[in-house]
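The values are calculated or read from the model by the stated rules, or taken from the named source; none is laboratory data. Treat the numbers as computed from the prediction; the structure is a model and nothing was measured. Don't worry about glycine lacking a Cβ; one is built from the backbone with ideal geometry, like all the others, and counts go over all protein chains shown.
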Amino acid sequence: MMEKPVSVTESLNYPRPKLTGIPKYLKVLGRSFNQKNSMLTLGIIFATFIILVAIFAPVLEPYDPTKMDLALKFIPPSAAHIFGTDNMGRDVLSRIIEGSRISLSTAFMVVIFSACIGTLAGMISGFWGGKVDMIFMRIVDVLLAFPTIIFALAISTVLGTGAINLVIAICCIQWTSYARVSRGEAILLKNAEYIEAAKAIGNNSLQIMFKYFLPNIVSKILILASLNIGSIILYCASLSFLGLGAQPPSPDWGAMISDGKEYMRYAPWMAIFPGLAIAASALTFNMLGDGVRDLLDPRMCDSVKTE
Amino acid sequence: MSVLLEIKDLNVSFTVDDKQVHILNNVSLEINKNEVLAVIGETGCGKSVTGSAILHLLPDNAIVTGDILFKGKDITKMNEQEFRQLRGQAIASVPQSPSTSLNPLMHVGNQVAECVLENNSSEDDKKKTVAKVHEIFASLGLPRGEDFYQNYPCELSGGMCQRVLIAMGVITHPELLIVDEPTKAVDWALRKDVVDVFCELKNEMKCAMLFITHDIAAAKYVADRIAVMYCGEVVEIGPTDSVINQPLHPYTKGLIASMPSKGFKVMNGFMPSFQDLPKGCRFSDRCECTSDICINNEPEIVEIAEGHFAKCSIYKNLNVSELFKHAATS
Amino acid sequence: MIKYIIKRILIVFIVLWMVATLTFFTVHVTPGDTANAIIVSVYGEDAVSPETLENVRAKFDLKRPVFTQYTDWLGNVVTGELGTSYKYNKPVIDILKIRLPNTLILGFSAFLISLIISIPFGILSALNHNRPIDHFSRFSTLLLSSFPSFWIALLLIIIFSIQLKVLPVSGMAGFTSIILPAVTLSIGMTAVTTRMLRSSMLDVLGQDYITVARAKGLEDNQVIFGHALRNAIPPIITVIGLQIGHIIGGAVIIENIFAWPGIGGLLIDSINTKDLPMIEGCVLIIAFGYAIVNLIVDITYSCIDPRIKYSGGDN
Amino acid sequence: MKLKVKGFLLLMVMGLGLTLFAGCSGANAKTADGEKVLTIAFPSTVTTLDVSNGDGATMLKEVAGVIETLVSVDSDFILHPSLAKEWERTGETTWVFKLRDDVTFHDGTKFNAEAVKWCIERSLVENTSLAKTTGIASVDVIDDYTVQFNTSVNTGDLPEALTNVGTAIVAKSSVNDKGEFVTAVGTGYFKQDSFDVSSGKFECVPYDKYWQKVDSNVTRRVVLSLSDSSTRSLSAQNGEVDIATDVPFSDLETLSNKDGVNVEKFNTARTYFFSYNLNKDYLKDVNVRKALIYAVNKKDIVNDLLLGVGSVPKGIFLETMPWANTNVDTYEYDAQKAGSLLDAAGVKDTDGDGFRDYNGQKISMNIITSSRRPGNSLIVQAVAGYFANLGIEANVQVLDGNAFTEAQKSGNFDMVLSSAATGYVPSASYYLSTYYHSGSSNAKQINYSNPELDKLVDACKATSNMEEKYTLSKQAQVLAQNDVAVYTIANYGAVFVLSDDVENFSYSAAVHDFIVPNETSLK
C-alpha cells in the first residue's frame, strides 16, 4: 500500500551536498518542513493535541465520566454540557475525553506489539529462508484468510471481554502485515553484498540481523505502523461496537455509539459525538501516517533524478 | 543550406516551491537541413531540456520564452493541438534510457506502429503499417517476423530496445530527429553499433538530427557541428573538426582533455547548482584562467573562426591570430 | 504457467485445511458447554436444566472426544458434507447456499460502486496533481476512510430512511434495500482504491514511456488510457484482492446493522449461539472465497504483466 | 496533460445512473391491490419452523397464528379450552384430555388423538427441554378424541404446561420422509404460504376451514425476523412493518407525536432479577443482601433509566397475576438504612481508602449480566453507581449469550442480573420452582437453599386445586422475599410501535413476549 508521489518538481531538484553528522531522519524531517509537507505538520499538531488530551484527561474532564445522575439525563448540548449528557446523566464530553485514553492506548498497544512480533518473525523467516520461510508464509496465509472477528470472539470467550483481550485478538492478525514487510526486506537484504561482507568478517546470524537488518527494516516498519494506527483505532471501535471492547461503565467510543444507537432519534448527540471523536483521531493518525510515509519512503527520497 | 530549425534566445525556467529556477539561459542554435548537430555537455547542463523544449514536452511548471522557428514557423507559440501535427511526424525523437522508455505492457511492434496509426485508421492501413514496422525492424538489424513484433520489452536486450526506440523515431520519416543520449544506457561494445545506425540514418534518410550526448567520441563520429553546453548556456558552437581539434572555451578544452584518448584528465570541481549560480561567467569558479572580469561580468558569445563561436571573456579583446595562438598553446 | 497455477491451487487447499483445523480447535477449545449454548439458542434461556443438557449431548453426539469429533468432521468435509446446524436443524451447506449469494450480491455491489467512483477520481486526481481536485480527492478519501462504517450506516439510515423516507431501513426486499448497505460497505474500499490508483497513476505518469508516448504525437486520451492506465492497473488488482478481506470483515458489521441475510450476520449469530458446524462452515467458505479471489488476482496479474512470467511469479 | 473534469464527472454519473437503472428493473412489486397485508416484526431471527425450536414455534403460534395448543391462557392468566374441550386429573401422574372433533389441519386431515400423540411424542424427542418443562412422560390414545398424558412427576401444572408453544400441535405432513421438518401444517386461523430461511421472512394467509369464526379483514400476514431493536423501530417508523415490539425505550418519547404510528408500552410477565452469590462470605449475611437492595432506587431506575418502560415490582410477580403476593417487603430505597445495615454487618471502611471492607479485605463486587435484554446493561450500571455511593466497589460485565451462561456457571461473580418469563408456564409454581427452589440450576449456582420454601413450592406444584395452589405460592413468596437471595428489581416492559392502521390489537402479558390476536385488522 505504498503510495509513491512522483512529481516533476521533485525530479528537477538537484542533489545537495550531503550533511554529515545529522541522523538521516532528522535531516529528512527538516527538509519535509521546508517542502511544506502539510499533512505531516497537521498530523503532528493534531496528534500531539489528542495525546495531550488523553494524558491530561482527568484534569480536562468537566465532570466525572462515570458518575451517574438520572436527574440530568438527555440534556442536549448546552453551555454546561457542551456535548450533552447521556441516558444515565453522564457528561458526553467527559466520557469522550476519558475514552481517548482507552482508544489510544489500545491502538498503540496493538501497533507496538504487532510491529515487534511481526518484524522479528518476518526477519527471521526472510533470513533463514527454506522450510522456516515456507511454514511462515503458510501461517500468514492462514491468518489472512481467517476472519479477525472469530479470533476476537473466541478470545473474548476464553479470556472474557475487555480492552486487553481486544488487543490480543487484533494483534493475532495484525502482526502478519508487519511480518510480510520485514520478510520482504530481509530477503532483499540477505543477498546484498555488504551483508556478505559482514558475514565474511565473522558476524554471526544474530549480529547480522540486529546490526544490519534491523536498521534497514525500521523505516519501512515505521511507515507501516504510522499508516496502521488510524485503521486500528477504527478496528477497535467496530469490535467494541459489537460489545467486545472495554466494559461499561468505562467510556469506550465504540461502545458509546453502540449505546447511543438506541437513542439515536431522541438524543442523537449520544452517538454522533463519539463517532466524530473516532473519525477525528483516525483522521489525525491517517494524516500523520501519510506524512511520515511521504517523508520516509526511500523511493521518494532516492528518486531525485538529475535529468 | 537552408535553416530547418532556429532557436533564438531560448530561456526556460521552472517554478519550484514558488521560486523560479532558471535552467536555460539565452540558448541559440541553428540546425540546417540534413545536418547533424551534436549537443554535448555534462549531465544536468540542460541538453535534454533543450530537446524537450523543442518537443513541447516540458513539465507544466516550466516557463519558456524566446523563439523556436521550425521551417520559419514559431512553434513555441503553437498550442498543443497544432503542435501535435508536427510532433512525431515532422519532428520525432529517440528518447534516452531504452529500458524505461518502452511501455512494459505493450508489444514492441504495436508501440512502433502506434506512431503512424491514427485512432480511425482502417484495417488496411493497419496491415500496411505492420508491414512497414517489420521492414524497419529488419533495416535496423532486428529480427523480422511476427514473433519479434509481439515481444514485450522485458523480453529484449538493451541494444534491441534501443533499436526499437530508433524505429519509433524514424518510422514517420521526420525532417528533424531529436536523439537524446543514445549511447548512455548501451553497453560499451554496442555503442559503436548504435552510433553506426545513426550514421546510416543520416546518410540514407537525409533527416536532420539534434544529437544530444555526453559522449564526445560519438558526437565526433556522427555530427556535422557540435554545440557545447554548460550550466544551461551554449558556451561554444562550431564545426565538429574545429571544436574537437581547436576547442576555444576552457570548458570544452577540459571536456576534451578528460576523454580517455586525450589523456583522461579530470576537471576540478562540480557544476554549480542552478539555484546558486555564480554572478559572472558560470564557469568562473572552475576555470583555470579566471580573472576579475570573469567573476563580475557575464561574457558575450563571439565568433572567433568562421562558424565557430565561444562564450568566454578571454576572447573579448583579442584579435583572431592571437586567438589561435592562445588556442594552440593550451 | 499451468504448473504455477496447479501449485497455487494446491496451496489453496493446504491453507483451507489449516484454516479448518484452526477454526475447529478454536471453537472447540473455547470454554463453554456447547450443549448449554444449544439449549439457550434453540429452546430459550428458560429451558436450561441438567436433564435437558444430558438430552442435548446425546442428541447431538457431543460426548465424543474432541479429536474424534475433528477426524469425523474432517472426513465429512472432504466428501463435501459440512454437518447439520444445531440452530437451523438443517444441513449447513443448505443454509450457506441460501446465504452466500446474498453476501456476494452485497459485496459485488459495493465493489462496483467503489470502482465507479474510485477509477475516475483516482485518474483525475493523478492528472491534476497538486491542483484543487487532487487536494479534494486526497482529503475526502482520507476523511472517508477515517469514519467508522457502522456510524456512517446509522447516519445514512437516519437521513435516507427516516427523514427522507426514500430507502428501506433493513432487510433484503428489492433493489432499493441494497443501496444503503452497499454504499456503506463500499466507502472504505473506495477510499483505498482511489488513493492507490492515484499514486499508481502518478508513478506511471512520471515514467519515461509516457513522455515517449506523448513525443510520438499521441492524443492525450490515448496516452492516458492506452499507456498510463494500463500500467497503473496491476498494483490496483493486488489491492483489490486484499480488499476482499476488508469487505468480508466489513460485511459482518454491515449485515448486522442492516439485517442483511448474508454470511457475515450468520457467522456472528453462529458464534453467539455456538452453532459449531455453522461456524466452521462459514469460516471455510469465507477462507475459500478469500483464497480463490487472491488466486484469481495473482493469475490475472501474471496475465496482464508479462514481466511476472520471467520472475517466476512467486512473490 | 489535463483531462476535462466535466467529462469525467459526467461519465461517472452516467455509470452510477446505469447501475441504479439496471437494479431498478429488479425491484420488487408491491402486493396486489385489495390485499390487506399485516406485517409484523419478530424480535429474533427465525431459523427454522420446527415446532421443537423455541423461536420458530413462538413465531408460528403467537405472531403468525398458524399453530395452536390444547389449552390457551388469557391476559388474566386464566386457562381456557382451545384444541382440547376439557380435561381432568385422573391420578397423581395421569391426565385425560377431551379434544375438539371439528378441527382440521391445513392439509385437510383430521385433528384427532392420534395426531396429538404423534406430535407430542415427536416434540418430546426433538425438543430436549420439553420433558422437563411439562413433565410429560408418554401419551396414550383412549379414543379418537380422547388422550391420556402420563407425567413423570406428581404435577398439577399440566394444563398450564400445555399452553406452552412447545406443545403446539402440527400434522404429520409437516415432516418429510427423512424426518426433516419442512412446512408448518397447523390448525390455526392462518396457514403457511412461504418461508425464506435465509432472511427468516414468513408469510401466511387465512385458512378457510378454521374451526372458529374470526372477524378480521387481514388477507396476509408477513412476519419479518428483525433481531436488532433499533432496526425494528426504524422499520416501523418507515412504514415497513405494522407491528414492532421491544423497540428502544427512547422511542416512547420520540415517536409519541409522530403521525402514522402509535407507541404503547405494556408490562409483561417478565422480570429483571438479581441473584446473590451466597458462596461469597459477606453475601451470606441476609442483612448485607437487604442493604444492597435498600441502596438501589428502583423507582428512578424504572422511570428515568428504563424511561417508564416496565414497572416497580410490588413483590415477585406482576400484580395482575392471580397468585401474586403484593403483601411482601419490597425494601424501598433508603440509602441511610443501607449504610447502617452494612455497618452493623461489619462491612465497613476499615482502612480509610473510601471503600468498604469485609474481614479486612476490600470488597470488589463483580456484577454480570447478558446483553440480550435492553435493560440489563443499564440496570447493572445504575446499580454499580448506587453501590459506589455506598462505598462499595462494583465492576460490571455485560456478556454475550454463551459467554454469559459460562460466566454464570463458573461462579466467578457476586451478583448476576437475569431476566426471565414468570409465565413461561402460567402456573403459580413454575417460576418459584425454576429460580428459587434449591433443585433449580439458578439456586444451585448461587448456593441458595431454603427447605421450607422447597416444601411449599413442591406442594404448590403437585396440587391441581387452584385455591390451594395460589395460597401455597403466596406463602412461598413471603419466604423468598425475606431471604432475598433472588430479588426482582424491576418488571419488564415492552414498547410497541403500531401503525395507525392496526385495529383490534390487544396485548396479553400471559404469553412470552407478545401475541398478535387473530382478530387484528387493518383500516
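Comparison of D:Lys191, D:Lys209 shows that the only residue that is more than 10 Å from chain C (Cβ to nearest Cβ) and assigned to a loop (DSSP other than H, G, I, E, B) is D:Lys209. Here the stretch C:126-139 is the region considered, the condition is being more than 8 Å from chain A (Cβ to nearest Cβ) and free of Cβ contacts under 8 Å to residues at least 24 places away in the same chain, and the residue that is surrounded by the most Cβ atoms within 10 Å (Cβ to Cβ) is C:Asn128.
Right, C:Thr184: surrounded by 18 or more Cβ atoms within 10 Å (Cβ to Cβ) and within 22 Å of the chain's Cα centre (by Cα) or not? Explain how you work it out, then say what you get.
On the way: surrounded by 18 or more Cβ atoms within 10 Å (Cβ to Cβ): yes; within 22 Å of the chain's Cα centre (by Cα): yes.
Here the answer is yes, as C:Thr184 does meet what is asked.
Has the stretch D:276-293 got any residue that is within 14 Å of another protein chain (Cβ to nearest Cβ), touching a strand residue (DSSP E or B) at 6+ places or on another chain (Cβ under 7 Å) and modelled with pLDDT of 85 or more? Taking every residue of the stretch D:276-293 in turn, none turns out to be within 14 Å of another protein chain (Cβ to nearest Cβ), touching a strand residue (DSSP E or B) at 6+ places or on another chain (Cβ under 7 Å) and modelled with pLDDT of 85 or more. Can you tell which of A:Leu234, A:Leu295, A:Leu242 is modelled with pLDDT of 85 or more, under 21 Å from the mean Cα position of the chain (by Cα) and on the phi < 0 side of the Ramachandran plot? When all the criteria are applied, what remains is A:Leu234.
Looking for something part of a loop (DSSP other than H, G, I, E, B) and either of a type in the set (Lys, Arg) or within 24 Å of the chain's Cα centre (by Cα) (or both) - is there at least one such residue anywhere in the stretch D:171-180? Break it down stepwise before answering.
Just the residues of the stretch D:171-180 that are part of a loop (DSSP other than H, G, I, E, B), to begin with: D:171, D:176-180.
Checking the rest, the ones that are also either of a type in the set (Lys, Arg) or within 24 Å of the chain's Cα centre (by Cα) (or both) come to D:178.
The answer is yes, given that some residue of the stretch D:171-180 is part of a loop (DSSP other than H, G, I, E, B) and either of a type in the set (Lys, Arg) or within 24 Å of the chain's Cα centre (by Cα) (or both).
For C:Leu104, the requirement of being surrounded by fewer than 19 Cβ atoms within 10 Å (Cβ to Cβ), away from chain A (no Cβ under 14 Å) and farther than 23 Å from A:Leu276 by Cβ is met.
When the stretch D:215-245 is limited to residues that are more than 22 Å from the chain's Cα centre (by Cα), modelled with pLDDT of 85 or more and part of a loop (DSSP other than H, G, I, E, B), the one that is nearest to the other protein chains (Cβ to nearest Cβ) turns out to be D:Glu240.
The residues in the stretch A:169-194 that are within 23 Å of A:Phe108 (Cβ to Cβ), of a type in the set (S, T, N, Q) and out of contact with any Leu (no Cβ under 9 Å at 6 or more places or on another chain) can be counted, and the count is 1. Here is the figure for the stretch D:454-497: residues that are under 19 Å from D:Ser440 (Cα atoms) and hydrophobic (A, V, I, L, M, F, W, C) total 13. Name the residues in the stretch C:32-75 that are modelled with pLDDT under 75, closer than 16 Å to C:Lys87 by Cβ and not in a helix (DSSP H, G or I), would you? Answer for the stretch C:32-75, where residues must be modelled with pLDDT under 75, closer than 16 Å to C:Lys87 by Cβ and not in a helix (DSSP H, G or I): C:Gly32, C:Asp33, C:Gly44, C:Val48. Which of the residues belonging to the stretch A:265-279 are facing chain D (nearest Cβ under 9 Å) and either crowded, with 24+ Cβ neighbours inside 10 Å or in contact with a Gly (Cβ under 9 Å, 6 or more places away or on another chain) (or both)? Passing the criteria: only A:Ala267. Within the set A:Phe113, A:Phe136, A:Phe127, the sole residue that is at pLDDT 90 or above and part of a helix (DSSP H, G or I) turns out to be A:Phe113.
Considering only the stretch B:127-135, I want to know if a residue exists there that is charged (D, E, K, R), surrounded by fewer than 18 Cβ atoms within 10 Å (Cβ to Cβ) and within 11 Å of chain C (Cβ to nearest Cβ). No, the stretch B:127-135 has no match at all.
Cβ separations smaller than 6 Å between residues 6+ apart or across chains give the following pairs from the stretch C:71-91 residues that are within 14 Å of chain D (Cβ to nearest Cβ) to residues that are assigned to a loop (DSSP other than H, G, I, E, B): C:Ser85/C:Asp275; C:Tyr86/C:Asp275; C:Lys87/C:Asp275; C:Lys87/D:Thr47; C:Tyr88/D:Thr47; C:Tyr88/D:Thr48; C:Asn89/D:Thr48; C:Asn89/D:Asp50. Within the stretch B:121-138, the set of residues being without any contact (Cβ under 8 Å) to a residue 12 or more places away in the chain and either under 29 Å from C:Asp305 (Cβ atoms) or in a helix (DSSP H, G or I) (or both) comprises B:Ser121, B:Glu123, B:Asp124, B:Asp125, B:Lys127, B:Lys128, B:Ala131, B:Glu135, B:Ala138. Taking the criterion of being under 23 Å from C:Glu255 (Cβ atoms) and of a type in the set (D, E, K, R), would at least one residue in the stretch C:48-69 satisfy it? No, there is no match, as no residue in the stretch C:48-69 is under 23 Å from C:Glu255 (Cβ atoms) and of a type in the set (D, E, K, R). Which of the numbered conditions does A:Glu185 fail, given that it passes all the others? Conditions: (1) farther than 24 Å from A:Phe146 by Cβ; (2) in a loop (DSSP other than H, G, I, E, B). Result: A:Glu185 passes all but (2).
Within the stretch D:401-439, the set of residues being polar (S, T, N, Q), surrounded by fewer than 19 Cβ atoms within 10 Å (Cβ to Cβ) and not in a helix (DSSP H, G or I) comprises D:Asn412, D:Ser438. Specify the residue that is farthest from B:Val170 (Cα to Cα); the eligible residues are those in the stretch B:209-241 that are part of a helix (DSSP H, G or I) and among the hydroxyl-bearing types (Ser, Thr, Tyr). Among those that are part of a helix (DSSP H, G or I) and among the hydroxyl-bearing types (Ser, Thr, Tyr), it is B:Thr240.
Residues that are of a type in the set (A, V, I, L, M), within 12 Å of chain C (Cβ to nearest Cβ) and closer than 26 Å to B:Val197 by Cβ: find the helices (runs of 4 or more DSSP H) completely inside the stretch B:1-120 holding 1 or more of those. Spell out the reasoning first.
Details: elements: B:47-55, B:80-86, B:98-101, B:108-113.
It comes to B:47-55, B:80-86, B:108-113.
The set of residues in the stretch D:280-338 being more than 22 Å from D:Phe249 (Cα to Cα) and among the hydroxyl-bearing types (Ser, Thr, Tyr) consists of D:Tyr282, D:Tyr294, D:Thr320, D:Thr326, D:Thr330, D:Tyr331, D:Tyr333.
Just wondering, is there one or more residues in the stretch D:319-326 that are of a type in the set (Ser, Thr, Tyr), assigned to a loop (DSSP other than H, G, I, E, B) and out of contact with any His (no Cβ under 7 Å at 6 or more places or on another chain)? Let's see the steps before the verdict.
Filtering the stretch D:319-326 down to residues of a type in the set (Ser, Thr, Tyr) leaves D:320, D:326.
Still in the running and assigned to a loop (DSSP other than H, G, I, E, B): D:320, D:326.
Next, only the ones that are out of contact with any His (no Cβ under 7 Å at 6 or more places or on another chain) stay: D:320, D:326.
Scanning the stretch D:319-326, I find at least one residue that is of a type in the set (Ser, Thr, Tyr), assigned to a loop (DSSP other than H, G, I, E, B) and out of contact with any His (no Cβ under 7 Å at 6 or more places or on another chain), so the answer is yes.
Where helices (runs of 4 or more DSSP H) fall entirely within the stretch C:208-315, those with at least 3 residues that are more than 9 Å from every other protein chain (Cβ to nearest Cβ), on the phi < 0 side of the Ramachandran plot and modelled with pLDDT of 85 or more are at C:230-258, C:276-304.
Just one of the listed residues (D:Ala335, D:Ala388, D:Ala345) is closer than 22 Å to D:Val486 by Cβ and among the aliphatic types (A, V, I, L, M), and it is D:Ala345.
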